[in-house]
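The values are calculated or read from the model by the stated rules, or taken from the named source; none is laboratory data. Model, not experiment: these values are computed from the prediction. Using ideal geometry, Cβ is built from the backbone for each residue, glycine included, and neighbour counts are taken over all protein chains shown.
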Amino acid sequence: MASLNYNWLDEWLYHKGGISKESLLPLPALWQTLSLLRHFVPNITFGHPVVESLRKQLGQDPFFDMHMMVSRPEQWVKPMAVAGANQYTFHLEATENPGALIKDIRENGMKVGLAIKPGTTVEYLAPWANQIDMALVMTVEPGFGGQKFMEDMMPKVKEVFGSGVHWLRTQFPSLDIEVDGGVGPDTIHKCAEAGANMIVSGSAIMRSEDPRSVINLLRNVCSEAAQKRSLDR
(Lines give C-alpha, C1' and ligand atoms only; values in the text may rest on other atoms or scores of the structure.)
Protein backbone atom coordinates (compact mmCIF):
# COMPACT_ATOMS: atom_id res chain seq x y z
CA MET A 1 0.00 0.00 0.00
CA ALA A 2 1.36 3.43 -0.92
CA SER A 3 2.22 5.94 1.78
CA LEU A 4 -0.91 7.90 2.67
CA ASN A 5 -1.12 11.69 2.46
CA TYR A 6 -2.52 13.41 5.55
CA ASN A 7 -2.56 16.95 4.16
CA TRP A 8 -6.33 16.94 4.81
CA LEU A 9 -5.62 16.90 8.54
CA ASP A 10 -3.28 19.88 8.26
CA GLU A 11 -5.94 21.77 6.31
CA TRP A 12 -8.69 20.95 8.83
CA LEU A 13 -6.58 22.06 11.79
CA TYR A 14 -5.52 25.22 10.00
CA HIS A 15 -9.15 26.26 9.45
CA LYS A 16 -9.88 25.42 13.09
CA GLY A 17 -7.36 27.92 14.38
CA GLY A 18 -4.25 28.09 12.28
CA ILE A 19 -2.54 25.12 13.92
CA SER A 20 -0.83 22.07 12.47
CA LYS A 21 -0.96 18.43 13.50
CA GLU A 22 2.67 18.71 14.58
CA SER A 23 1.84 21.59 16.94
CA LEU A 24 -0.62 19.35 18.79
CA LEU A 25 1.96 16.67 19.56
CA PRO A 26 3.47 18.35 22.66
CA LEU A 27 -0.04 18.22 24.18
CA PRO A 28 -1.90 14.99 25.09
CA ALA A 29 -1.71 14.07 21.41
CA LEU A 30 1.66 12.55 22.26
CA TRP A 31 -0.59 9.59 23.10
CA GLN A 32 -2.58 8.58 20.01
CA THR A 33 -5.42 6.08 20.39
CA LEU A 34 -5.99 4.50 16.99
CA SER A 35 -9.19 2.46 16.87
CA LEU A 36 -9.33 -0.43 14.44
CA LEU A 37 -12.81 -1.88 13.89
CA ARG A 38 -13.47 -5.14 12.11
CA HIS A 39 -16.35 -7.63 12.66
CA PHE A 40 -16.42 -7.16 16.47
CA VAL A 41 -18.45 -4.01 15.75
CA PRO A 42 -20.50 -3.10 12.64
CA ASN A 43 -18.04 -0.55 11.21
CA ILE A 44 -14.71 -1.19 9.51
CA THR A 45 -11.94 1.40 9.63
CA PHE A 46 -8.26 0.91 8.75
CA GLY A 47 -5.44 -1.58 9.17
CA HIS A 48 -1.75 -1.74 9.95
CA PRO A 49 -0.63 -0.05 6.68
CA VAL A 50 -2.24 3.18 7.91
CA VAL A 51 -0.49 2.81 11.27
CA GLU A 52 2.82 2.33 9.49
CA SER A 53 2.20 5.43 7.37
CA LEU A 54 1.32 7.52 10.45
CA ARG A 55 4.47 6.36 12.20
CA LYS A 56 6.60 7.40 9.23
CA GLN A 57 4.95 10.82 9.01
CA LEU A 58 4.77 11.63 12.72
CA GLY A 59 8.03 10.06 13.84
CA GLN A 60 8.77 8.04 16.98
CA ASP A 61 7.51 10.49 19.61
CA PRO A 62 3.75 9.80 19.55
CA PHE A 63 2.68 6.78 21.57
CA PHE A 64 0.34 4.65 19.45
CA ASP A 65 -2.25 2.74 21.47
CA MET A 66 -4.17 0.40 19.18
CA HIS A 67 -7.75 -0.08 20.38
CA MET A 68 -8.52 -3.33 18.59
CA MET A 69 -12.28 -3.67 18.21
CA VAL A 70 -11.87 -6.81 16.12
CA SER A 71 -13.28 -10.32 16.30
CA ARG A 72 -9.88 -12.07 16.16
CA PRO A 73 -7.40 -9.83 17.97
CA GLU A 74 -4.76 -12.58 17.91
CA GLN A 75 -4.15 -12.24 14.18
CA TRP A 76 -3.18 -8.56 14.25
CA VAL A 77 -0.54 -8.55 17.00
CA LYS A 78 2.52 -9.06 14.80
CA PRO A 79 1.41 -6.72 11.97
CA MET A 80 0.67 -3.92 14.43
CA ALA A 81 3.99 -4.37 16.20
CA VAL A 82 5.86 -4.22 12.89
CA ALA A 83 3.84 -1.15 11.86
CA GLY A 84 5.03 0.75 14.93
CA ALA A 85 2.30 0.33 17.55
CA ASN A 86 3.37 0.85 21.18
CA GLN A 87 0.37 -0.65 22.93
CA TYR A 88 -2.17 -3.26 21.87
CA THR A 89 -5.54 -2.91 23.58
CA PHE A 90 -7.95 -5.77 22.94
CA HIS A 91 -11.46 -6.54 24.13
CA LEU A 92 -11.88 -9.20 26.76
CA GLU A 93 -15.10 -10.25 25.02
CA ALA A 94 -13.30 -10.95 21.73
CA THR A 95 -10.93 -13.73 22.80
CA GLU A 96 -11.20 -17.12 24.47
CA ASN A 97 -7.63 -17.06 25.79
CA PRO A 98 -6.66 -13.64 27.19
CA GLY A 99 -3.55 -15.04 28.86
CA ALA A 100 -2.03 -16.33 25.63
CA LEU A 101 -2.86 -13.09 23.85
CA ILE A 102 -1.26 -11.01 26.58
CA LYS A 103 1.87 -13.15 26.32
CA ASP A 104 2.00 -12.72 22.55
CA ILE A 105 1.64 -8.95 22.80
CA ARG A 106 4.50 -8.77 25.31
CA GLU A 107 6.71 -10.97 23.15
CA ASN A 108 6.14 -8.58 20.26
CA GLY A 109 7.44 -5.67 22.30
CA MET A 110 4.18 -3.85 23.02
CA LYS A 111 2.37 -2.83 26.17
CA VAL A 112 -0.98 -4.46 26.93
CA GLY A 113 -4.37 -2.83 27.29
CA LEU A 114 -7.55 -4.73 28.16
CA ALA A 115 -10.96 -3.26 27.33
CA ILE A 116 -14.48 -4.09 28.49
CA LYS A 117 -17.75 -3.10 26.87
CA PRO A 118 -20.55 -1.41 28.89
CA GLY A 119 -22.31 -4.75 29.37
CA THR A 120 -19.27 -6.53 30.85
CA THR A 121 -18.74 -6.34 34.61
CA VAL A 122 -15.37 -5.36 36.01
CA GLU A 123 -15.06 -8.68 37.82
CA TYR A 124 -14.16 -10.30 34.50
CA LEU A 125 -11.24 -7.89 34.11
CA ALA A 126 -9.86 -8.18 37.64
CA PRO A 127 -8.07 -11.56 37.20
CA TRP A 128 -5.91 -10.06 34.46
CA ALA A 129 -5.16 -6.75 36.15
CA ASN A 130 -1.67 -7.76 37.28
CA GLN A 131 -0.71 -8.76 33.72
CA ILE A 132 -1.75 -5.62 31.83
CA ASP A 133 -0.62 -2.00 31.64
CA MET A 134 -4.01 -0.38 31.12
CA ALA A 135 -7.67 -1.16 31.75
CA LEU A 136 -10.12 0.48 29.36
CA VAL A 137 -13.73 1.05 30.43
CA MET A 138 -16.01 1.83 27.49
CA THR A 139 -18.66 4.44 28.28
CA VAL A 140 -20.43 3.95 24.94
CA GLU A 141 -21.08 0.86 22.88
CA PRO A 142 -17.96 0.49 20.70
CA GLY A 143 -18.11 1.07 16.98
CA PHE A 144 -19.60 4.51 16.45
CA GLY A 145 -18.31 7.97 17.31
CA GLY A 146 -20.38 10.81 18.75
CA GLN A 147 -22.47 8.69 21.14
CA LYS A 148 -23.83 9.94 24.45
CA PHE A 149 -21.67 9.34 27.51
CA MET A 150 -22.94 6.54 29.80
CA GLU A 151 -22.55 7.94 33.30
CA ASP A 152 -23.70 4.64 34.83
CA MET A 153 -20.37 3.11 33.74
CA MET A 154 -18.48 5.26 36.28
CA PRO A 155 -18.88 2.74 39.11
CA LYS A 156 -16.76 0.41 36.98
CA VAL A 157 -13.98 2.96 36.99
CA LYS A 158 -14.27 3.29 40.75
CA GLU A 159 -14.20 -0.48 41.12
CA VAL A 160 -11.14 -0.76 38.91
CA PHE A 161 -9.40 1.77 41.13
CA GLY A 162 -10.62 -0.02 44.26
CA SER A 163 -13.38 2.27 45.51
CA GLY A 164 -13.98 1.87 49.25
CA VAL A 165 -11.34 -0.73 50.12
CA HIS A 166 -9.00 0.50 47.39
CA TRP A 167 -8.21 -3.12 46.68
CA LEU A 168 -7.14 -2.99 43.06
CA ARG A 169 -5.35 0.31 43.49
CA THR A 170 -3.32 -1.16 46.33
CA GLN A 171 -2.62 -4.44 44.59
CA PHE A 172 -1.87 -2.95 41.16
CA PRO A 173 -0.56 0.59 41.70
CA SER A 174 0.93 0.92 38.22
CA LEU A 175 -2.29 0.11 36.38
CA ASP A 176 -3.61 2.90 34.17
CA ILE A 177 -7.39 3.30 33.89
CA GLU A 178 -8.81 4.78 30.70
CA VAL A 179 -12.34 5.88 29.79
CA ASP A 180 -13.45 5.98 26.16
CA GLY A 181 -16.76 7.18 24.77
CA GLY A 182 -18.61 10.47 24.90
CA VAL A 183 -15.87 12.15 26.93
CA GLY A 184 -15.65 15.94 26.62
CA PRO A 185 -15.73 19.12 28.69
CA ASP A 186 -19.19 18.28 30.08
CA THR A 187 -18.28 14.75 31.24
CA ILE A 188 -14.55 14.81 32.00
CA HIS A 189 -15.04 15.73 35.66
CA LYS A 190 -17.17 12.62 36.26
CA CYS A 191 -14.45 10.44 34.71
CA ALA A 192 -11.62 12.04 36.66
CA GLU A 193 -13.50 11.99 39.96
CA ALA A 194 -14.34 8.32 39.45
CA GLY A 195 -10.62 7.54 39.24
CA ALA A 196 -9.71 7.46 35.56
CA ASN A 197 -6.23 8.83 34.88
CA MET A 198 -6.51 8.51 31.09
CA ILE A 199 -9.30 9.43 28.68
CA VAL A 200 -10.01 9.16 24.98
CA SER A 201 -11.87 12.03 23.34
CA GLY A 202 -12.69 12.21 19.65
CA SER A 203 -15.81 14.15 18.71
CA ALA A 204 -15.43 16.70 21.51
CA ILE A 205 -12.04 17.71 20.13
CA MET A 206 -12.58 17.30 16.40
CA ARG A 207 -15.89 19.20 16.43
CA SER A 208 -14.59 22.01 18.59
CA GLU A 209 -13.76 25.47 17.28
CA ASP A 210 -10.67 25.41 19.50
CA PRO A 211 -9.22 21.87 19.69
CA ARG A 212 -6.15 23.00 21.62
CA SER A 213 -8.19 24.45 24.50
CA VAL A 214 -10.33 21.31 24.75
CA ILE A 215 -7.24 19.09 24.89
CA ASN A 216 -5.73 21.29 27.60
CA LEU A 217 -8.97 21.26 29.61
CA LEU A 218 -9.30 17.47 29.53
CA ARG A 219 -5.66 17.01 30.42
CA ASN A 220 -5.75 19.50 33.30
CA VAL A 221 -8.88 18.02 34.89
CA CYS A 222 -7.35 14.52 34.89
CA SER A 223 -4.05 15.80 36.29
CA GLU A 224 -5.73 17.75 39.08
CA ALA A 225 -7.88 14.75 40.08
CA ALA A 226 -4.81 12.48 40.14
CA GLN A 227 -2.95 14.95 42.35
CA LYS A 228 -5.90 15.13 44.73
CA ARG A 229 -6.04 11.33 45.00
CA SER A 230 -2.33 11.27 45.84
CA LEU A 231 -2.83 13.80 48.63
CA ASP A 232 -5.82 11.90 50.01
CA ARG A 233 -3.91 8.62 50.37
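Close Cβ contacts (under 6 Å, 6 or more residues apart or on different chains) running from residues in segment 90-119 that are closer than 10 Å to E74 by Cβ to residues that are aromatic (F, W, Y) and surrounded by 15 or more Cβ atoms within 10 Å (Cβ to Cβ) comprise A94/F40; I105/Y88.
If you scan segment 76-124, which residues turn out to be among the charged types (D, E, K, R) and over 23 Å from G182 (Cα atoms)? K78, E96, K103, D104, R106, E107, K111, E123 - these are the residues of segment 76-124 that are among the charged types (D, E, K, R) and over 23 Å from G182 (Cα atoms).
Restricted to segment 62-74, and to residues there that are closer than 11 Å to A115 by Cβ and not aliphatic (A, V, I, L, M), the residue that is farthest from the chain's Cα centre (by Cα) is P73.
Among the residues making up segment 205-225, those that are aliphatic (A, V, I, L, M) and either at pLDDT 85 or above or not in a helix (DSSP H, G or I) (or both) are V214, I215, L217, L218, V221, A225. Count, please, the residues in segment 84-100 that happen to be over 18 Å from the mean Cα position of the chain (by Cα) and closer than 25 Å to V50 by Cα. Number satisfying all stated conditions: 1.
When segment 184-204 is limited to residues that are part of a loop (DSSP other than H, G, I, E, B) and not aliphatic (A, V, I, L, M), the one that is surrounded by the fewest Cβ atoms within 10 Å (Cβ to Cβ) turns out to be D186.
Being within 19 Å of the chain's Cα centre (by Cα) and modelled with pLDDT of 70 or more is a description that applies to V77.
Count of segment 35-72 residues, restricted to those that are surrounded by fewer than 19 Cβ atoms within 10 Å (Cβ to Cβ), in a strand (DSSP E or B) and at pLDDT 60 or above, is 1.
Only one of the numbered conditions (1) over 30 Å from D61 (Cβ atoms); (2) modelled with pLDDT of 90 or more; (3) crowded, with 18+ Cβ neighbours inside 10 Å is violated by E93, and that is (3).
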